[in-house]
1. I need a count of the residues in segment A:98-124 that are touching a helix residue (DSSP H, G or I) at 6+ places or on another chain (Cβ under 8 Å), surrounded by fewer than 23 Cβ atoms within 10 Å (Cβ to Cβ), away from chain B (no Cβ under 13 Å) and outside any loop (DSSP other than H, G, I, E, B).
2. Would you call residue A:18 surrounded by 14 or more Cβ atoms within 10 Å (Cβ to Cβ) and either at pLDDT 90 or above or not assigned by TED's automatic domain parsing to the domain that holds residue A:319 (or both)?
3. Restricting segment A:204-215 to residues that are farther than 16 Å from residue A:308 by Cβ and in contact (Cβ under 8 Å) with a residue 60 or more places away in the chain, which is surrounded by the most Cβ atoms within 10 Å (Cβ to Cβ)?
4. Could you tell me whether segment A:81-90 includes any residue that is out of contact with any helix residue (DSSP H, G or I) (no Cβ under 9 Å at 6 or more places or on another chain) and closer than 26 Å to residue A:348 by Cβ?
5. Restricting attention to segment B:128-147, does a residue exist that is touching a residue at least 60 places away in the same chain (Cβ under 8 Å), farther than 19 Å from residue A:190 by Cβ and under 21 Å from the mean Cα position of the chain (by Cα)?
6. Suppose the filter is surrounded by fewer than 14 Cβ atoms within 10 Å (Cβ to Cβ) and assigned to a helix (DSSP H, G or I); does residue B:79 pass it?
7. In segment B:262-271, which residues are in contact with a helix residue (DSSP H, G or I) (Cβ under 9 Å, 6 or more places away or on another chain) and surrounded by fewer than 24 Cβ atoms within 10 Å (Cβ to Cβ)?
8. Identify, please: which residue in segment B:233-249 is in a loop (DSSP other than H, G, I, E, B) and away from chain A (no Cβ under 11 Å) and is, among those, farthest from residue B:35 (Cα to Cα)?
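The values are calculated or read from the model by the stated rules, or taken from the named source; none is laboratory data. Predicted, not measured: the structure shown is a model, and the values here were computed from it. Glycine gets a Cβ as well: all are built from the backbone with ideal geometry, and neighbour counts include every protein chain shown.
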């Protein structure tokens, strides 16, 4: 063996390592002259992604100091979290309002108070429920990109078929249940073919039913209230459906539904006549079943609780600046542009959503294709608009509530048992979480 | 080349592997032991909390649910898979025309990526429109809602696990072809029936292969993740398919409880280690090596 051959392979690896090292240096070199480039990670694809791209392009054209590079990233909240912990986060990330508390508690996001003060952005500019979604522990951590509210969507043709007045949607929960029962159709084997309403469809807000009955999931400080009488009442109502229709029958019927974003969607394929859905539903109907006869109305309230009229789940996509971002100031410039009336209305029109801002132009109303946009917008201003609980342990809490929802759906537990179990499990977790958070804060303060 | 130089070259050749091993395996391994004693969310600095994670874990109801689910799954799917694989391998070892074709056919499912496999089976097992229930309907049986009924979700996964026995079949087949024909012929001359030949010649001869498949099977079934994660989000229905590795993943990447997840990882490691150790002890009784012991 000759000397050169001996060293060929190790030498090759050294060359590879050197190349990697050198290319890292080149990439990390200071920005070339010209606009500051900032990276922006966003979750949306399809027409919603295109809408955001349009706003980014508009911003890039509107000035020449900053260039925003939009990158579509799936599972964006997890990837932003990991990139932040590795010290290489994007400058702006689009996450969900439900993630904000966890991000703040994990020190993954920069506060925006100073930037907002400088830019003159304050609570008066937003509908309270959305402003509330971006603030936590007394500070501002994000600003909305697009918001949403939910309402009852109902199939008017199916109502007419069973002799119901399509202009008189259910106003109380009791009416909703009664109308739902009238719409159920079964085949000769007893299998459900059509249902009026199922609390498990689409299954995105299984945790939220308590709010429609006046419940809360925690007291805002240190107590989990999953088993409050209101929440138990809500779950009793949820369980009344599998009790009436048969748990296995409901399960099997539901397993025949296609994906949400498909013509086989339960509402679009006329398998379920009434669903709780968001402002975005209009787009999917016009995409997959434009002939569907439908209307929207505020979700009903319990007959004995008229004060709960116009309860809605109000959530938002939000923009954050992760801790460790290289260009926070430029990042905020972009966020500010998105939150200007012009930027926001372009985005919300193209994504067919309502605006989170208090100031909405006449043009926006005129051009908005959703015939119920004023309903969704007014729901956002409702005193009964509720957002996701701002809890650092929300991911775990909601998984627990989902499980309870499934257990009562299969009639394996009574609502009280299921919610007692959730409370018993989550209270110690919250105690521990708050204790560890306090210890960390003390340690940081003493440093 | 001098001895020293030869060693040096050897080490240099091994160096890339060694670097990779230390950076990507050894360090994370050691670090996760430490993290399992910490409150750690990846973003915040780990804070040492002693045995708290382990204490919490053993009192954690969901931990025990996942242990139970995983144990049940392993207890059914492991023997079923092994018997199936061995049976298939023996059939494929028969000297009849077309075996190469069938060998390929039975191996094919193992080449399908797990996620596609899961999506495919979602359609086969669908309670309302699934292929399986359609076939059952033709013979007058009303099939269960495989994916939505807690009583049927685990059996559904077992069926799915058996579908992927191709790898094990291949290993058995290699073992079977190593069984010396002289021994089989000798048994034949002594008047052994086909069953006796299998029981007293073939199985002892391939026992090291069975041991290998058994241990790999234990490791594989106790860490089952991809297919249930895709098919049963959150371990639905009612946590009947919530397996150990899924709970570990959720804690690490959904709840950001990396310390707790590390503790979970070390507990499952200890369980697998003990089970493997037991297998090796028992193996002395039933595994025969050609070299003898």
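1. 3
2. Details: surrounded by 14 or more Cβ atoms within 10 Å (Cβ to Cβ): no; either at pLDDT 90 or above or not assigned by TED's automatic domain parsing to the domain that holds residue A:319 (or both): yes.
Spelling it out, it is not the case that residue A:18 is surrounded by 14 or more Cβ atoms within 10 Å (Cβ to Cβ) and either at pLDDT 90 or above or not assigned by TED's automatic domain parsing to the domain that holds residue A:319 (or both).
3. Of segment A:204-215, the ones farther than 16 Å from residue A:308 by Cβ are A:204, A:206-207.
Those left that are additionally in contact (Cβ under 8 Å) with a residue 60 or more places away in the chain: A:206-207.
Values: A:206: 19, A:207: 23.
Looking at the filtered set, the residue picked out is A:207.
4. Start the filter on segment A:81-90 by keeping residues that are out of contact with any helix residue (DSSP H, G or I) (no Cβ under 9 Å at 6 or more places or on another chain), which leaves A:83, A:85-88.
Next, only the ones that are closer than 26 Å to residue A:348 by Cβ stay: none.
Checked segment A:81-90: no residue is out of contact with any helix residue (DSSP H, G or I) (no Cβ under 9 Å at 6 or more places or on another chain) and closer than 26 Å to residue A:348 by Cβ.
5. Restricting attention to segment B:128-147, the residues satisfying the condition of being touching a residue at least 60 places away in the same chain (Cβ under 8 Å) are B:147.
If we keep only those that are farther than 19 Å from residue A:190 by Cβ as well, we get B:147.
Now drop any that are not under 21 Å from the mean Cα position of the chain (by Cα), which leaves none.
No.
6. Details: surrounded by fewer than 14 Cβ atoms within 10 Å (Cβ to Cβ): yes; assigned to a helix (DSSP H, G or I): yes.
Yes: the conditions hold for residue B:79.
7. From segment B:262-271, those in contact with a helix residue (DSSP H, G or I) (Cβ under 9 Å, 6 or more places away or on another chain) are B:262-268, B:271; that's our starting set.
Once the filter is applied, which keeps residues that are in contact with a helix residue (DSSP H, G or I) (Cβ under 9 Å, 6 or more places away or on another chain) and surrounded by fewer than 24 Cβ atoms within 10 Å (Cβ to Cβ), segment B:262-271 yields B:265, B:266, B:267, B:268, B:271.
8. Filtering segment B:233-249 for residues in a loop (DSSP other than H, G, I, E, B) gives B:236-243.
Still in the list and also away from chain A (no Cβ under 11 Å): B:241, B:243.
Working: B:241: 28, B:243: 22 Å.
Applying the filter and picking the extreme gives B:241.
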